[in-house]
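The structure under discussion appears below in the form of structure tokens.
Rule-based calculations on the coordinates, nothing more; no lab input. Just so you know, these numbers come straight off a predicted model, no measurement behind them. Note that we place each Cβ from the backbone using ideal geometry, even for glycine, and neighbour counts take in every protein chain shown.
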Amino acid sequence: MCLGIPGEIVEILPDQPDLAKVDVSGVRRNINIGLITDDDPQPGDWILIHVGFALSKIDEAEAKAAMDFLEGIGQAYADEIEALMESRIE
Amino acid sequence: MRYVDEYRDADKARALAASIASLCEPGRQYKFMEVCGGHTHTIYKHGLEDYLPENVTLVHGPGCPVCVIPMGRVDDTIHIAEQDDVIMTSFGDMMRVPGGRGSFFDSKAAGADIRMVYSPLDALKIARQNPDKKIVFMAIGFETTAPSTAMTVLRAKAEGLTNFSIFCNHVTILPAIKAILDSPDLRLDGFIGPGHVSTVIGCRPYDFIAREYGKPLVVAGFEPLDILQSIHMLLSQLAEGRSEVENQYGRVVPWEGNLTALKVINETMELRPYFEWRGLGFISHSALKVRDTFAAFDAERIFEIPGSRVADPKACQCGEVLKGVLKPWECKVFGTACTPETPIGTCMVSSEGACAAYYNFGRFTRERVQEATRG
């Protein structure tokens with residue numbers, strides 16, 4: 001659970017502006033963006049996600065670097081993505 | 001060097017390594033602690049120690065949130081889970097951590113309703129769906145994770161939920177670093193500062209390490225080159241007689257941290273007078289509890305908590321590993337009685353634990369050391 005995983009904002013939910021639909025390695029899930037509202041998150045922005053919350057905005061190069069790191073660590077990342085797939089934040 | 005050769009930037013890493021070697025004073029030993037479990041992973045995955053001169057040693061710190069939870073808190077969580085109508089929720093990493101009475105998985109098998117969640121917001125959803133049950137979220141983690149719990153508590157309050165609470169086990173990294181600096185067991189020359197914790201707290205809170213203890217700290221990213229560059233920055237400071245806080249991970253970590261995250265933590269939680277850490281014992285002001293104003297969401301006030309104290313198994317040396325005094329493979333049960341499949345200590349349970357990282361990526365090193373000792 002200690003990992004920060006990169007994702008790309010697909011859309012901000014119109015009825016719940018604290019939530020965004022985010023693409024993480026092809027998996028789309030709702031992520032809370034309430035901690036980064038000062039950074040004005042928009043569709044197309046990359047974010048670093050931790051336990052269902054965006055912790056910071058990052059650029060695409062950093063997102064790629066973070067993904068390389070995660071894919072390299074093996075099981076821990078597989079577990080994290082599996083947990084994320086089960087997640088249904090509303 | 002086989003791990004290193006797989007790394008795509010091996011040439012850059014070698015160039016940095018040469019520069020690192022040139023910064024070392026001959027005959028001087030350097031010991032740097034990487035505080036964060038994610039860094040430990042990178043170091044073993046890519047065999048970074050093989051890049052460093054013999055007189056530069058990396059030691060692992062207490063930055064694995066699962067690893068530092070004492071067995072008594074595992075037992076207390078199970079105690080709450082066994083109460084009538086309770087659904088306990090927890091991150092998956094905690095499920096296999098052994099307490100004095102077994103793990104969450106054991107308790108679940110015996111009939112308690114303990115569920116894995118990805119996010120505290122998933123626990124909140126379970127609370128909405130089960131109004132006649134009491135949903136408790138077993139909250140763990142450093143400053144990286146505490147804002148998520150805080151936001152969830154604020155949300156629960158805003159929605160008027162009355163069946164959701166947290167069993168708060170959030171810890172703060174600075175008192176643990178201070179405890180290690182004050183301990184006579186280990187002499188350190190500097191710190192590779194945690195990446196994600198710093199995203200929240202920023203770089204300023206580390207100032208006391210540089211000013212009062214005279215040790216440099218460099219906040220680092222998670223790529224192999226990030227770690228090597230951070231070691232280079234630490235050695236440059238030492239060579240120039242400086243001790244400062246520097247930020248190698250500026251592309252993600254703002255100097256001031258995430259002010260919204262700090263605000264929501266402060267709104268919902270406050271420091272405990274003391275908290276027990278596995279291996280490090282009781283440390284003053286090192287953990288968070290729910291503020292009085294949010295008492296309705298505090299499992300410690302809703303349920304009677306036994307406050308279990310359980311000594312670690314005698315064979316387990318997680319404490320020494322967490323303090324950086326022992327390398328994982330120096331533990332008596334590493335890789336024999338204690339493996340990721342049948343862990344005795346927390347450092348082998350969590351994928352971020354130093355022992356699990358060593359076990360998964362470092363066996364090559366251990367075998368080499370064994371051969372050397374034999375020969």
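Here the Gaussian network model covers chain B, with springs between Cα atoms less than 10 Å apart; of B:Val200, B:Val66, B:Val310, B:Val310 fluctuates the most.
For the protein assembly as shown, the fraction of alpha-carbon pairs lying more than 38 Å apart is 20 percent, rounded to a whole number.
The simple Förster model, with R0 at 30 Å and r as the Cβ-Cβ distance, assigns B:Arg309 and B:Arg187 a FRET efficiency of 0.45.
Across the options B:Gln317, B:Asn258, B:Phe297, the greatest Cα extent toward the positive end of the charge dipole of the stretch B:234-375 (unit charges at beta carbon of Lys, Arg, Asp, Glu) belongs to B:Gln317. Taking the Cβ-Cβ separation of A:Lys64 and B:Arg14 as r and a Förster radius of 35 Å, what is the calculated FRET efficiency to the nearest 0.05? After rounding to 0.05, the efficiency reads 0.95.
Principal axis analysis of the Cα atoms in the stretch B:1-101 yields extents of 64, 31, 15 Å, listed in decreasing size.
Mind checking which of B:Ser119, B:Gln29, B:Phe105 is farthest towards the positive end of the stretch B:1-123's charge dipole, using Cβ charges of +1 (Lys, Arg) and -1 (Asp, Glu) about the Cα centre? About the Cα centre, the residue reaching furthest to the positive side is B:Gln29.
Computed over chain B with a Gaussian network model linking Cα atoms closer than 10 Å, the most mobile of B:Gln229, B:Gln29, B:Gln317 is B:Gln29.
Sort out the exposed loop trypsin sites (Lys or Arg not before Pro) in chain B (DSSP loop, at most 10 other Cβ within 10 Å) and tell me the longest stretch that has none. In short, B:29-186.
The P(r) of chain A has a tail past 18 Å containing 36 percent of all C-alpha pairs. Cα centroid separation, the stretch B:292-345 to the stretch A:17-90: 29 Å.
Each Lys and Arg Cβ is given +1 and each Asp and Glu Cβ -1; about its Cα centre, chain B then shows a dipole of about 160 debye. With the simple spin-label model, which puts each label point 7 Å out from Cα in the Cβ direction, the B:Thr339 to A:Glu8 separation comes to 4.1 nm.
The relative contact order of chain A comes to 29 percent, based on Cα pairs under 8 Å that sit 6 or more residues apart.
Helix-only arithmetic for the protein assembly as shown: the sum of -39500 (n - 2.57) across DSSP H runs with n ≥ 4, divided by the residue total, places the mean residue ellipticity at 222 nm at -11000 deg cm²/dmol. Going 7 Å from the Cα of A:Thr37 along its beta-carbon direction, which residues of the stretch B:133-165 have the amide nitrogen within less than 17 Å of the resulting point? Once the point is set 7 Å along Cα→Cβ of A:Thr37, B:147-160 turn out to lie under 17 Å by backbone N, inside the stretch B:133-165.
Using Stokes-Einstein with the Kirkwood hydrodynamic radius over Cα pairs, what translational diffusion coefficient do you get for the stretch B:172-327 at 20 °C and a viscosity of 1.002 mPa s, in µm²/s rounded to a whole number?
Here the translational diffusion coefficient equals 122 µm²/s.
Overall, the protein assembly as shown carries a charge dipole of about 1060 debye about its Cα centre when +1 sits on the Cβ of Lys and Arg and -1 on the Cβ of Asp and Glu, all other atoms neutral. B:Ser230 sits among other residues whose Cβ lies under 9 Å from its own Cβ, and their net charge, with Lys and Arg +1 and Asp and Glu -1, is -3.
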